[in-house]
Amino acid sequence: MSGTEATAPVPLITVLGASGFVGAGVAAALARRPVRLRLVSRRPAGPPVPEAGRAAVETLRADVTDPEALARAVDGADAVVNVLLNDGGWRAAENDPASEAVNVGVVRGLAAVLRRGIGTGRPPVVVSSGAASQIGVPPEHPIDGSEPDRPETAYDRQKLAAEQALKAATEEGVLRGISLRLPTVFGEATGSGNADRGVVSLMIKRALAGEPIQMWHDGTVRRDLLHVSDVARAVEAALDQPDRLVGGHWVIGSGSSPSLGEAFRTVADSVARHTGAPAVPVECVQPPEHAPVTDFKSVLIDPWRFHAVTGWKPELSLSEGVDRTVAALTAPLA
């Protein structure tokens, strides 16, 4: 062709919740790509790993439960990654009315904002985080996403409502939605992201303080524990191959569900190696009365459906992920 060569426009990806634990991990992964990256959060957040980044990064401090702030956040975006989590985490959803505004209201608001642009171009891909626990009490066999949904907690009901809103907006042609149902996620904080408040990091901190690691049961309950870097890679896989994923929900996980007794002993041993102190004991204690029944059921996940479409599979084993997390938490002490 004559004249200057036409070049494809650089895609714009908006990350909602970019200063959070999962959001910062996703942002750091996407920052390595030749894209425009808009990082949106309520808290100040700097560009992730700027020295290693290829993306053109902009940050936007906004409360996206406000419709106009949400509209600014996603304006012109080719893809949106929604990994928002309300303050207080999933347990706070039982009593905090703000939780529904974040977990459900933002997805509904996103559909309303994008509805204004129907017919002006291809709808953006929206990758939104759900929860493997949306099915309610887990079965004895591995979860693969084909199970009926009977959520037991307020958080899971909210996540299911958001996923249903995402699917409805996809059918309407407003957006191209993909729900990734996450298991228990753990790992080290990335960049300016919040520290992991999950059970693995909590037990690491107890061990670093020389305190016993406590379980609410006999240690045989099993959990699928997925490192945050593997979650970020799953988001990338969804963005890279959206067409066969759009309109569905996809369970991701490590595919390995150690007992919590095994996982916590892995934590105790890793902390001992990093600090030189004796490994703290792992002991059983009485659970609180408010603990949901799902806390005492094993969770087994088989992410074969997502793997079959995208080729994604987790890279970090539990021991490797725990070692990375312990190293990050002990680094300031060195």
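Annotation: amide H-H contacts under 5 Å for Ala56 (H modelled 1.01 Å from N, sequence separation of 5 or more, or interchain): Val35, Arg36, Leu37. Defining a contact as two alpha carbons under 8 Å apart and six or more residues distant in sequence, what relative contact order in percent does the chain show? Result for the chain is 18 percent. Across the accessible surface of the stretch 212-273, with the other protein chains kept in place and a 1.4 Å probe, carbon and sulfur atoms take up 44 percent. For the chain, the longest principal axis of the alpha carbon atoms and the long axis of helix 199-208 meet at an angle near 50°. Straight Cα distances below 16 angstrom link Lys159 to the lysines Lys167, with same-chain residues fewer than 8 positions distant left out. Protection proxy ranking for 204-214, 278-288, using the average of other Cβ atoms within 10 Å per residue and placing the highest first: 204-214, 278-288. Straightening the chain between Val10 and Asp149 buys 46.2 nm, computed as 0.36 nm per residue apart minus the Cα-Cα spacing. For the chain, the antiparallel share of DSSP beta bridges with both residues in that region comes to about 5%.
Accessible surface for Ser319 stands near 60 Å², nearest 10, in the context of the full protein assembly shown (1.4 Å probe). From most to least packed by mean Cβ count within 10 Å, the peptides 321-329, 55-63, 229-237 give 229-237, 321-329, 55-63.
Straightening the chain between Glu262 and Ala209 buys 17.1 nm, computed as 0.36 nm per residue apart minus the Cα-Cα spacing. A 1.4 Å probe over all protein chains sorts Thr153, Thr220, Thr190 by accessible area into Thr220, Thr190, Thr153, starting with the largest. A Gaussian network model of the chain, with springs between Cα atoms under 10 Å, assigns the largest mean-square fluctuation among Pro44, Pro148, Pro183 to Pro148. Note on the chain: GNM, Cα springs under 10 Å; of Trp304, Trp216, Trp312, the largest mean-square fluctuation is that of Trp216. A simple spin-label model places pseudo-atoms 7 Å from Cα toward Cβ; at Ser298 and Lys313 they are separated by 2.2 nm. State the antiparallel share, in %, of DSSP beta bridges confined to the stretch 181-334, rounding to the nearest 5. DSSP beta bridges in the stretch 181-334 are roughly 10 percent antiparallel. Binning the C-alpha pair distances of the stretch 119-236 at 5 Å intervals from 0 yields a P(r) profile of 2, 9, 14, 18, 19, 15, 11, 6, 3, 2, 1, 0, 0 %, listed from the shortest bin outward. Split the accessible area of the stretch 94-160 by element, probe 1.4 Å, and carbon with sulfur accounts for 51%. Only helical runs count toward this figure. For the chain, summing -39,500 (n - 2.57) over DSSP H runs of n ≥ 4 and dividing by all residues gives -10000 deg cm²/dmol at 222 nm. In this simple spin-label approximation, Ala195 and Arg273 carry label points 7 Å from Cα along the Cα→Cβ vector, and these lie 2.2 nm apart. In the context of the full set of protein chains, residues of the chain present 46 Å² of accessible surface per residue (probe radius 1.4 Å, heavy atoms only). Among the listed values (1) 64, 51, 41; (2) 65, 40, 35; (3) 70, 45, 37, the one matching Cα extents along the principal axes in Å as calculated from this structure is (3). Each principal axis of the Cα cloud of the stretch 203-248 was evaluated for its coordinate range; sorted largest first, these ranges are 48, 23, 12 Å. Stokes-Einstein diffusion for the stretch 192-334, with the hydrodynamic radius set to the Kirkwood value over Cα pairs and evaluated at 37 °C in a medium of 0.692 mPa s, equals 197 µm²/s.
The values are calculated or read from the model by the stated rules, or taken from the named source; none is laboratory data. Owing to the predicted nature of the structure, the values given are computational and were not obtained by experimental measurement. Don't worry about glycine lacking a Cβ; one is built from the backbone with ideal geometry, like all the others, and counts go over all protein chains shown. Accessible surface is based on the protein model in full, side chains and every heavy atom, while ligands, DNA and RNA are left aside. Shrake-Rupley method; radii C 1.70, N 1.55, O 1.52, S 1.80 Å.
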